[in-house]
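The values are calculated or read from the model by the stated rules, or taken from the named source; none is laboratory data. Note that the structure is a prediction, hence the values are computed from the model and not measured. Please note: Cβ atoms are built from the backbone with ideal geometry, for glycine as well, and neighbour counts cover all protein chains shown.
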């Protein structure tokens, strides 16, 4: 009897706690979908019925007349922004209040430039990475990319000549992996015709994560406070997962390199930072240049240069296969430009491929690689022209998938139409409704 009473009281306490949690937006007068206990509005995603992109797009479309919507990611309050003017405030105008992202460092690479919190530390580390992404650097690495492209063409011809079917994402991954190998690590690998140590290390570390990730992410939705308490333990577990990749990178760090060699450009850059006189680096900057940080930054850049371009290029090929007329225009333009430049890939040649660039931009609109941009305020913030004050650390979501498929901003939004990005049409696109790389100081580095 006593045990039954205790269980009953415990259940009542839990129920009242969750009633309080899920009254957060109602008390602020913010409209949104009804949450469910423990999972909030994420039940379709957690139970595999919808992707997160489709879930957020569905919620976005349910409230066409609202500037923002209140929802819950598990027990976490989330403010979903729909109004481009509010998005501009968060991403650019009042960025100083929204410099942090929502990614939990417990679950991710804690010192990655993408996950760091704190405006000063994040900004300092980003400045160290920025020199890698200049036009002059790009022009110097193009010969390495052309070599990978030649190997890609040989492999495709081999598949055609031998009547072999091949999954397109896997094919694109091989091409991107060869580029990652040479440009990030300075390692000549052959993902087309042979096995390689680099791919195994990447997959084992992150692409096929340890089973612990699944319960970790669910716990992050349902009980983030418990996850925060256990953060040191999970950090140790994640570092153990990094060990195989870490040993691999450490062996490369210790190899002699030529700074004028554009292969292994990223690793060269990181090792040079480590070797600088400590007087050049202030205390916040110096944290980036130990071996553990080099491993984490290298893995982050490698994955960003591997998986995302593989998916995007696969989607572009898919759309071109469906739209033969667009494919033919691309082919004619590429052929013409390469004939003009004697078959050599150069920055000037790329800049002359205007239609191909339009195809790329339309693919990013229809298939954004980041379906949501996230920020969290570092202090209480009142949205202008509203009565809403957003509390510190409340998640702010900007649903790129919803915005870029909104018929209010794009006519026939599900149609693949590169002409949207003709010069005379591109200027008509409403600002802050096309966000494939984010916007503002924390936009995508690449």
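Of the set (1) crowded, with 18+ Cβ neighbours inside 10 Å; (2) not in a helix (DSSP H, G or I), all apply to residue 49 but (1).
Conditions (1) surrounded by 15 or more Cβ atoms within 10 Å (Cβ to Cβ); (2) closer than 20 Å to residue 139 by Cβ; (3) assigned by TED's automatic domain parsing to the domain that holds residue 420; (4) free of Cβ contacts under 8 Å to residues at least 24 places away in the same chain, marked per residue:
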| position | (1), (2), (3), (4) |
| --- | --- |
| 304 | yes, no, no, no |
| 310 | yes, no, no, no |
| 341 | no, yes, no, yes |
| 357 | yes, yes, no, no |
| 360 | yes, yes, no, no |
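Within segment 184-212, being at pLDDT below 80 and buried (at least 18 other Cβ atoms within 10 Å of the Cβ) holds for 184, 185, 186, 187, 189, 198, 199, 201, 202, 205, 206.
Condition check ((1) at pLDDT below 95; (2) in a helix (DSSP H, G or I); (3) over 18 Å from residue 413 (Cα atoms)) across all residues:
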{"residue": "326", "(1), (2), (3)": "no, yes, no"}
{"residue": "337", "(1), (2), (3)": "no, yes, yes"}
{"residue": "344", "(1), (2), (3)": "yes, no, yes"}
{"residue": "351", "(1), (2), (3)": "yes, yes, yes"}
{"residue": "357", "(1), (2), (3)": "no, yes, yes"}
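Within the option set 402, 438, 446, being crowded, with 20+ Cβ neighbours inside 10 Å and either at pLDDT 95 or above or assigned to a loop (DSSP other than H, G, I, E, B) (or both) holds for one residue only, 402. Only a single item in (1) in contact with a helix residue (DSSP H, G or I) (Cβ under 7 Å, 6 or more places away or on another chain); (2) outside the structural domain of residue 73 (by TED's automatic domain parsing) is not met by residue 381, and it is number (2). For residue 147, the test of being more than 24 Å from the chain's Cα centre (by Cα) and assigned to a helix (DSSP H, G or I) is passed. Among the residues of segment 33-58, those that are touching a strand residue (DSSP E or B) at 6+ places or on another chain (Cβ under 8 Å) and touching a residue at least 40 places away in the same chain (Cβ under 8 Å) comprise 40, 42, 56. Considering the conditions (1) in a loop (DSSP other than H, G, I, E, B); (2) at pLDDT 95 or above, residue 420 is excluded by exactly one of them, (1).
Annotation: of all residues in segment 94-122 being modelled with pLDDT of 65 or more and over 18 Å from the mean Cα position of the chain (by Cα), the one that is surrounded by the most Cβ atoms within 10 Å (Cβ to Cβ) is 97. Suppose the filter is under 28 Å from residue 102 (Cβ atoms), at pLDDT 95 or above and in the same structural domain as residue 75 (by TED's automatic domain parsing); does residue 409 pass it? When the stated conditions are applied, residue 409 passes them.
Among the residues of segment 61-76, at least one is surrounded by fewer than 16 Cβ atoms within 10 Å (Cβ to Cβ) and assigned to a helix (DSSP H, G or I).
Can you find a residue that is closer than 20 Å to residue 405 by Cβ and free of Cβ contacts under 8 Å to residues at least 12 places away in the same chain anywhere in segment 65-79? There is at least one residue in segment 65-79 that is closer than 20 Å to residue 405 by Cβ and free of Cβ contacts under 8 Å to residues at least 12 places away in the same chain.
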